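Everything below concerns the one structure shown next.
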Amino acid sequence: MNLKAKALQALMRKVMEEHIAFNKLLGLKVESFDAEAPKLRFEMRPELVGNPARQILHGGVISATLDVAGGFAIMLSLAAEMTGIPTAFPNMGTIDLRVDYLRPGRGKYFIATARIVRKGKRIAVTHMELHNDAGELIATGGAAYVVG
């Protein structure tokens, strides 16, 4: 890995894990910078439970994590197109988000993966998945983002 890639990963990790307060609240950590399918990880915690009787993740945690994963994939793609280490990114916002909840959110930890389906000049579309520590698919999502 070259120096630019190392510096970029350090910057992206800092932004995703420390500078975005909501990501910090969820406990999101960068698991992989794979350009084709970056990954975010978070540990199960009592604060993230939506159903106390069943001890499963809140649906909002699932959807928010998938949304962040999609945005992370786009940020990595944009950063790869920039020369040097970026000091700022274009504004980006979610304009459509769909989540399919497939299984109850049980597990010790969870991994969210995203891949870009299409990236145009102003709109990017992603597909996301959330798996638990046993590799079970908990939820899938699709999102569209306005970029720039």
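The values are calculated or read from the model by the stated rules, or taken from the named source; none is laboratory data. These numbers were taken from a predicted model, which means no experiment stands behind them. Cβ coordinates were reconstructed from backbone atoms using ideal geometry, including for glycine residues, and neighbour counts include every protein chain displayed.
Sort through ALA144, ALA134, ALA139 and tell me the only one that's in contact with a helix residue (DSSP H, G or I) (Cβ under 8 Å, 6 or more places away or on another chain) and modelled with pLDDT of 95 or more.
Details: ALA144 fails: in contact with a helix residue (DSSP H, G or I) (Cβ under 8 Å, 6 or more places away or on another chain); ALA134 fails: in contact with a helix residue (DSSP H, G or I) (Cβ under 8 Å, 6 or more places away or on another chain).
Result of the check over ALA144, ALA134, ALA139: ALA139.
Residues of the range 12-56 being among the hydrophobic types (A, V, I, L, M, F, W, C), out of contact with any Ser or Thr (no Cβ under 9 Å at 6 or more places or on another chain) and under 18 Å from LYS108 (Cα atoms), which ones?
Scanning the range 12-56 gives LEU25, VAL30, MET44, LEU48, VAL49, ALA53, ILE56.
Would you kindly identify the helices (runs of 4 or more DSSP H) lying entirely within the range 1-81 that contain at least 3 residues that are β-branched (Val, Ile, Thr)?
Per the criteria, 59-81.
For ALA144, are the conditions met, namely being within 16 Å of the chain's Cα centre (by Cα) and buried (at least 19 other Cβ atoms within 10 Å of the Cβ)?
So ALA144 fails the test.
Here are some conditions: (1) of a type outside the set (S, T, N, Q); (2) assigned to a helix (DSSP H, G or I); (3) over 14 Å from GLU36 (Cα atoms). GLY105 meets all but one. Which one does it not meet?
(2)
So which pairs qualify, if the first residue must be in the range 91-108 and under 15 Å from THR140 (Cβ atoms) and touching a residue at least 24 places away in the same chain (Cβ under 8 Å), the second must be among the aliphatic types (A, V, I, L, M) and not in a strand (DSSP E or B), the Cβ gap must be under 9 Å, and the two must be at least 6 apart or on different chains?
LEU97/LEU66; VAL99/ILE62; VAL99/LEU66; TYR101/ILE62; GLY105/MET44; GLY105/LEU48; GLY105/VAL61; GLY105/ILE62
Which residues, counting only those in the range 104-133, are under 20 Å from PHE42 (Cα atoms), over 14 Å from the mean Cα position of the chain (by Cα) and surrounded by 14 or more Cβ atoms within 10 Å (Cβ to Cβ)?
Of everything in the range 104-133, those that are under 20 Å from PHE42 (Cα atoms), over 14 Å from the mean Cα position of the chain (by Cα) and surrounded by 14 or more Cβ atoms within 10 Å (Cβ to Cβ) turn out to be PRO104, GLY105, ARG106, GLY107, TYR109, ASN132, ASP133.
Among all residue pairs at least 6 apart or on different chains, which show Cβ distances below 9 Å where the first residue, located in the range 38-67, is farther than 20 Å from ALA21 by Cβ and surrounded by fewer than 21 Cβ atoms within 10 Å (Cβ to Cβ) and the second is at pLDDT 95 or above and among the acidic types (Asp, Glu)?
LYS39/GLU31; MET44/ASP133
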